[in-house]
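None of the figures in this text is laboratory data; all of them are computed from the coordinates on show. All values reported here derive from a predicted model rather than from experimental measurement.
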Amino acid sequence: MAHTFEELVQKQRAAQAAHATVEDLRQTYGPPAERRMTGAQSGTYETALRAWRDLARDVQTAVSEYAKESGRPRTEVEAEVERAAATEDT
């Protein structure tokens, strides 16, 4: 599947937002290994964690495909996407 650079940036931003949600939940509920969460808290945390991992995996796959299609080094594309995702407007 062909991806545009803007699609990669949007995927990266979505993964970053999901990661921020996981971090917020860790801060609110405490580290999973150190504190017993309620069933609802555990479910919420696990769902957020899975979403982040899925989005991060999707970004990595898309970046790899884009790099291969464009003939550029993957690390170069990844760094460019991360820089663009860190800015408000791309």
With θ taken as phi - 60° and the coefficients 6.51, -1.76 and 1.60, list the Karplus ³J(HN,Hα) couplings across segment 61-76 in order, rounded to whole Hz; mark glycine and proline as x. 5, 5, 5, 4, 5, 4, 4, 5, 5, 8, x, 10, x, 4, 5, 5
Rg [Å, one decimal], Dmax [Å, integer] - the chain, C-alpha atoms: 15.7, 49
Once you've got the GNM for the chain with C-alpha springs shorter than 10 Å, pick whichever of Arg26, Arg13, Arg53 has the biggest mean-square fluctuation. Arg26
